[in-house]
Amino acid sequence: RRRRGGAVRFLTFGEDELREFNRSVLPMRIFDRETLRYLAANDAAVKLYGYTREEFLALTLKDTRHPEEHGEILPTLAEPTGYLRHWGPRRHVKKSGEILVVELFSQDIVFNGRKARLGAVIDVTEPKRAQEELSRQKKVLDAIIDHLPVGVFIKDAKTFRYVMRNRFNRAVFGSLADDYVGKSAHELFPKEQADKFIETDREAVETRQMVEVHEQEVIGRSGDVRIQHVRKVPLFDASGEPWLIVGISDDITERKRAEQALRESNAFLHGMIESSRDCIKVLDLDGRLLSMNSGGQRLLEIADLTPLLNTSWVDFWCGADRTAARNAVAAAVAGDTGTFEGYCPTRTGVPKWWDVIVTPILDPAGKPERLLAVSRDITERKVVERALHESESKYRNLV
């Protein structure tokens, strides 16, 4: 652009400029600023857009511009510029209908005595598509991470400041997505808790390995203590420098509470069994003895149960009682209840009579997986019954 007496004069396109125009490997076009009709197109432009030169010169600027951008054409022509100006990126249309993304450079000129504009384009379609695809993949990845059923957080591996946290992690601590970004653990948690977090962050970076904390206590959004299983994985850049720490935290609070409740329930049940005055045994499906409560061992005067484990419980009985015991086991294996009364002395030979019930212990599918045999000492009752029977016999004999 040349100024003479305050006026703006534009470059006149002569033969020398036209030769350079046609030789350029950069796609270039010239169009009339008033009619928008193309006045010239070099070989690179003809090749890029797919038109013949004759077809090109029958087009206007709107024919090669995306319809959604037609409204931007006139505002860019409102102020003539006698210097090269960058406008991009723009969407252009090839003869085939394919959309091009181009970086646009233009300069107003005088061409064959007419006010015109020279436009040069750089095709950035593939880089732009790659960038858009990368952006799309990042959005997909962010969405996947955000909806994972475990907590995910990312920290800067040098400053240990938070970069990102997913929805599950935010739900545990009750904060928004950006509440943690750029902040350190000491800005967000009590000092003792933050110190532990930083300690494992540093361990992951220094050892260059995953660090796992099986039970980490943290303060939840309601002030309650949550228990988490945390894994921290360090990531390094191409030069081997620490880059990020990816943390995965699984809230196991409810599981630990359930385990504690189960332990307490089992302890209570064990206490009940151990304090029972009955002889309580667990058998396998073949009738072999797997366990016996302490009360039962005292009733049978068994000092050491070990030699009797995995032996046949049916063999504890004799004669018809053994047959009854075998039938009771068979009934329980079939899912029913087996009962009988039988005689089985203690290990020291003390006479004992028992009222026995054998029931199945079912697995989650409802099938027997163990047997429960409960024997109640009815010796006193049997003695009384025998004495009564003898008394009745004597009375009948007397009569």
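The values are calculated or read from the model by the stated rules, or taken from the named source; none is laboratory data. Note that the structure is a prediction, hence the values are computed from the model and not measured. Note that each Cβ is placed from the backbone with ideal geometry, even for glycine, and that neighbours are counted across all protein chains shown. Areas reflect the complete protein model, heavy atoms only, side chains present, ligands, DNA and RNA absent. Shrake-Rupley method; radii C 1.70, N 1.55, O 1.52, S 1.80 Å.
Quick notes on this structure:
- Amide N proximity, the stretch 126-153 versus Arg167 label position 7 Å along Cα-to-Cβ, cut-off under 19 Å: 137-153
- Three-way shape label, the stretch 116-275, alpha-carbon gyration tensor, a/c 1.5: prolate
- Paramagnetic label reach from Asp304 (point 7 Å along Cα→Cβ; backbone nitrogen cut-off under 18 Å): within the stretch 263-288, no residues.
- Between Ile219 and Val181, the FRET efficiency from the beta-carbon distance, with R0 = 22 Å, is close to 0.65.
- Rounded to the nearest 20 debye, dipole of the chain from Cβ charges on Lys, Arg, Asp, Glu: 1720
- Number of Lys-Lys pairs in the stretch 88-205 with C-alpha atoms under 25 Å apart and a separation of 8 or more places or on different chains: 17.
- Based on alpha-carbon atoms, the Kirkwood radius and the radius of gyration of the chain give Rg/Rh equal to 1.45.
- Average accessible surface area per residue within the chain, 1.4 Å rolling probe, Å²: 60
- Alpha-carbon centroid distance for the pair the stretch 10-41 / the stretch 110-156, whole angstrom: 31
- Fraction of accessible area attributable to carbon and sulfur, the stretch 1-127 (%, probe 1.4 Å): 52
- Under the combined filter of DSSP loop state and at most 13 neighbouring Cβ atoms within 10 Å, the stretch 212-283 retains these trypsin sites (Lys or Arg not before Pro): Arg221, Arg277.
- The label-point distance for Leu398 and Arg85, in a model that sets each label 7 Å from Cα toward Cβ, rounds to 13.6 nm.
- Between the beta carbons of Thr35 and Arg255, assuming R0 = 56 Å, the FRET efficiency works out to 0.15 to the nearest 0.05.
- Shown is the FRET efficiency for Ala78 and Glu241, computed with R0 = 51 Å from the Cβ-Cβ distance and rounded to the nearest 0.05: 0.50.
- Model label zone, Lys158; criterion: amide N under 19 Å from point 7 Å along Cα-to-beta-carbon; scope the stretch 235-273: 235-246
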